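The values are calculated or read from the model by the stated rules, or taken from the named source; none is laboratory data. Because the structure is predicted, anything quoted here is derived from the model rather than measured. All Cβ positions, even for glycine, are placed from backbone atoms using ideal geometry, and neighbour counts span all protein chains on display.
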Amino acid sequence: MKQVLVPLVALLLSGVSAAATLEIEVEGLPSREGQMLVAVYDKAETWMKKPLRANRAVVSAEGLVKLRFEDLPDGDYAYAVIHDANNNGKLDMNVMGIPTEAYAFSNKASGSFGPPKFEAARFSLQGDAQQRVSLK
Amino acid sequence: MLARRQFLIRSSLGAASFGLLDAAQAQSASPEGPLPARFGQAPLLQPLRGYVDGLDRVSEGLRVRGRLPAGLRGTLYRNGPGMLERGGQRYRHWFDGDGLVQAWSFGAQGVSHQARFVQTRKFQAEQAAGAFLLPAFGTVIPPQLPVRGPDDMNTANTSVVVQGGRLYALWEGGSATELDPATLRTLGPRTWAPELKGVPFSAHPKKEPDGTLWNFGSFGKHLVLYQIGVDGELKRHQVLNLPTGAMLHDFAVSQRYIALLLPPLSLDMAAARSGRSMVGAMRWDARQPMRLVVIDKATLQLQRTMELPPALVFHFGNAWDDGDQLQLDYVESDIESFLDGSFNAALGGEQVDGQGKPSQLRLLRADLRSGKVSVEGRRESMEFPVVDPRVVARRHRYLYHPLQTGPQDRWSFNAIQRLDLERGQVDRYDFGAHVAVEEHLLVPKPGSRREGEGWLVGTGFDAQRQRSFAAVFDAEAISAGPLALVDLPYWVPFGFHSHFV
């Protein structure tokens with residue numbers, strides 16, 4: 001009996017994955033220039049300050065971008081995507097401090113004249129996921 | 001009998017206490033949410049309804065009463081809030097409505113007219129949805145689309161200007177929106193320089209006789225100044241810090257200076273973020289003075305600040321200086337009726353009494369050496385002062401403006417006049433109590449040199465005919481009445497400011 005139980009328990013326990021892949025597809029870009037920057041955060045304390053992971057991808061000829069994050073443990077995350085149209089590696093702002101490049105957040109969250117709270121952009125990652133974000 | 005008593009109890013307590021509201025009504029029950037779409041029958045107020053269908057209007061071969069002067073050629077552009085109602089809801093504030101730009105074209109073949117909505121991101125999304133989706137200046141509407149910056153709420157509704165052959169619809173909260181000057185097709189927001197993308201560009205630029213266009217944009221305690229050349233390109237800009245944050249609508253330009261009047265009216269950011277409308281978040285501090293800020297045009301730096309008794313100012317006439325003395329004229333408005341909403345009571349189409357204290361002309365003299373300021377006032381109930389474009393930022397003798405000559409309780413103006421500042425005399429024409437008169441511009445007669453030699457051209461609404469019209473006067477003989485009246489086969493919504501090219 002014990003010989004049967006141990007493999008059964010092992011089989012049940014293997015459903016708790018420790019390595020999920022998150023794929024983000026960004027659409028609605030204002031132009032085909034430049035690159036997409038994306039930063040993933042895992043807690044409110046570091047939200048918009050210190051990303052857990054960051055990635056970038058050149059905008060394709062069709063105006064779409066796909067970004068991948070592998071080996072993410074299941075849990076809560078939030079991310080911000082920026083269309084870096086002039087490839088200077090950051091979100092440009094006008095003299096008022098308002099961004100002049102397009103950006104968006106996970107969970108369709110948006111703030112009022114500023115980023116949304118982590119809780120508004122937060123989603124739960126349970127295994128591999130594909131998400132779509134629009135910059136419109 | 002029982003049913004009637006139940007009905008009376010319900011109507012006296014109000015639907016709210018029965019919890020019978022649906023989501024839309026709940027929004028209306030908020031003190032600053034949209035109003036229900038009811039519109040009254042007052043004949044003089046019908047154009048305040050706006051064009052509920054959101055469609056453009058075009059007409060040609062317009063009927064002319066009288067005779068148009070042969071030398072009058074060009075286009076009168078106007079702007080104003082043309083969309084005020086969607087999906088059973090109305091805006092609370094006149095300034096909320098989406099921009100409808102008009103072009104009255106005076107040509108050899110006669111006069112034609114177009115009225116087209118500015119196709120901003122906001123307008124296009126709301127027209128497709130048949131509902132308001134974004135907050136407005138005076139009405140709280142929870143955003144259904146992301147609001148990332150001022151241009152996401154841009155209504156492009158306040159004025160128009162042509163510079164370097166390009167036409168712009170102006171709204172002080174955000175960018176100028178470019179339109180095709182012939183077709184009024186919307187081309188998109190204008191960026192003057194990369195670091196100025198999305199920065200406010202006021203609805204009151206000033207064009208000097210040499211063609212230079214000056215403007216400002218205000219946000220919080222900061223001011224940006226724009227100097228734009230005849231070619232339509234930005235020549236210089238400067239970001240300045242003001243002594244206090246203030247709501248700034250207009251400014252004045254003289255030979256050497258740029259002048260601003262900062263009323264003690266500021267925005268309470270905490271209130272704005274917690275759900276009040278922009279108007280609801282405005283704070284008036286009667287203990288503070290109004291500040292006259294004088295900026296040197298050569299260096300674009302603050303020169304000096306002087307204090308005056310507090311007043312609400314929207315519009316300026318003109319300004320001039322001789323180096324030591326700065327003279328400017330402006331219109332002082334009633335702060336109480338602006339903040340408490342009685343200014344907008346007419347927006348429901350019902351005739352209401354008491355529009356607050358009348359807005360009146362003020363003539364200011366500032367001694368830039370001693371810092372002394374003196375102000376004289378006139379008593380007419382008036383607005384929308386303009387000068388001959390050839391004397392902008394120069395010493396001017398004449399101001400032209402609409403005014404109310406009858407009872408003070410009507411919402412609009414019934415007459416037009418030229419004020420001679422040298423002699424203190426007026427040359428006036430009264431259209432009658434059934435007419436609402438709007439801004440009129442001085443169009444110089446081609447080939448003339450004398451200030452005021454030309455035509456006075458503007459629009460109005462005839463409440464008896466329920467039609468809008470354009471009027472053309474000899475600007476040196478206004479009391480003789482219009483030379484010509486051009487009739488539209490419909491009315492257009494009331495508007496704000498114009499530009500003739």
Those residues of the stretch B:291-329 that are crowded, with 21+ Cβ neighbours inside 10 Å and at pLDDT below 95 come to a total of 2
When residues of the stretch B:141-156 are limited to those that are within 14 Å of chain A (Cβ to nearest Cβ) and β-branched (Val, Ile, Thr), the one farthest from residue B:129 (Cα to Cα): B:147
Considering residues that are buried (at least 19 other Cβ atoms within 10 Å of the Cβ) and within 14 Å of another protein chain (Cβ to nearest Cβ), the number found within the stretch B:121-135 is 3
Using the structure shown, decide if residue B:159 is within 13 Å of chain A (Cβ to nearest Cβ) and at pLDDT 95 or above. no
Working only within the stretch B:119-139, note down all residues that are closer than 21 Å to residue B:55 by Cβ, in contact (Cβ under 8 Å) with a residue 60 or more places away in the chain and assigned to a loop (DSSP other than H, G, I, E, B). B:119, B:120, B:132, B:136
Checked B:92, B:116 against criteria (at negative phi, more than 14 Å from every other protein chain (Cβ to nearest Cβ), in contact (Cβ under 8 Å) with a residue 24 or more places away in the chain and in a loop (DSSP other than H, G, I, E, B)); the one match is B:92
Unmet requirement for residue A:57, which otherwise passes all of (1) surrounded by fewer than 14 Cβ atoms within 10 Å (Cβ to Cβ); (2) more than 14 Å from chain B (Cβ to nearest Cβ); (3) modelled with pLDDT under 95: (1)
Assess whether residue A:11 counts as being at pLDDT below 90, surrounded by 13 or more Cβ atoms within 10 Å (Cβ to Cβ) and over 25 Å from residue B:195 (Cβ atoms). no
Going residue by residue through the stretch B:177-189, is there one that turns out to be away from chain A (no Cβ under 14 Å), touching a Pro at 6+ places or on another chain (Cβ under 9 Å) and of a type outside the set (Val, Ile, Thr)? yes
Which ones in the stretch B:410-432 are over 18 Å from the mean Cα position of the chain (by Cα), in a strand (DSSP E or B) and either surrounded by fewer than 19 Cβ atoms within 10 Å (Cβ to Cβ) or aromatic (Phe, Trp, Tyr) (or both)? B:420, B:425, B:426, B:428, B:429, B:430
Residue B:32 - would you say it is of a type in the set (D, E, K, R), part of a loop (DSSP other than H, G, I, E, B) and farther than 27 Å from residue B:501 by Cα? yes
Conditions (1) out of contact with any Ser or Thr (no Cβ under 8 Å at 6 or more places or on another chain); (2) on the phi < 0 side of the Ramachandran plot: number failed by residue B:492: (1)
Conditions (1) more than 14 Å from chain A (Cβ to nearest Cβ); (2) touching a residue at least 60 places away in the same chain (Cβ under 8 Å): number failed by residue B:109: (2)
Taking the stretch B:40-89 and keeping only residues that are assigned to a loop (DSSP other than H, G, I, E, B) and under 17 Å from the mean Cα position of the chain (by Cα), one is left with B:50, B:84
For residue A:32: the one exception among (1) within 14 Å of chain B (Cβ to nearest Cβ); (2) of a type outside the set (A, V, I, L, M, F, W, C); (3) more than 30 Å from residue B:221 (Cα to Cα); (4) exposed (fewer than 15 other Cβ atoms within 10 Å of the Cβ): (1)
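This table checks each residue for (1) over 11 Å from the mean Cα position of the chain (by Cα); (2) more than 17 Å from residue A:26 (Cβ to Cβ).
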position	(1), (2)
A:47	yes, yes
A:68	no, no
A:83	yes, no
A:100	yes, yes
A:110	yes, no
A:119	yes, yes
A:128	yes, yes
Residue in the stretch B:236-246 that is farther than 16 Å from residue B:192 by Cβ, under 20 Å from the mean Cα position of the chain (by Cα) and in contact (Cβ under 8 Å) with a residue 12 or more places away in the chain present: yes
Given the structure, is residue B:203 among the aliphatic types (A, V, I, L, M), away from chain A (no Cβ under 14 Å) and closer than 22 Å to residue B:384 by Cα? yes
For the list (1) away from chain A (no Cβ under 14 Å); (2) of a type outside the set (Val, Ile, Thr); (3) farther than 18 Å from residue B:300 by Cα, I need the number of the one condition that residue B:229 fails. (3)
Take the residues of the stretch B:162-171 that are surrounded by fewer than 23 Cβ atoms within 10 Å (Cβ to Cβ) and of a type outside the set (Gly, Ala, Ser): which is farthest from the other protein chains (Cβ to nearest Cβ)? B:162
Take residue B:305 and tell me if it is more than 18 Å from the chain's Cα centre (by Cα), within 22 Å of residue B:254 (Cα to Cα) and assigned to a loop (DSSP other than H, G, I, E, B). no
Is it the case, given these coordinates, that residue A:123 is farther than 25 Å from residue B:147 by Cβ and of a type in the set (Phe, Trp, Tyr)? no
All strands (runs of 3 or more DSSP E) inside the stretch A:64-126 with 1 or more residues being facing another protein chain (nearest Cβ under 9 Å): A:103-105
Tell me, please, whether a residue that is among the β-branched types (Val, Ile, Thr), surrounded by 15 or more Cβ atoms within 10 Å (Cβ to Cβ) and at pLDDT below 95 can be found in the stretch B:194-212. no
The stretch B:206-226, residues that are more than 14 Å from chain A (Cβ to nearest Cβ) and either over 20 Å from the mean Cα position of the chain (by Cα) or of a type in the set (A, V, I, L, M, F, W, C) (or both): B:208, B:209, B:210, B:211, B:212, B:213, B:214
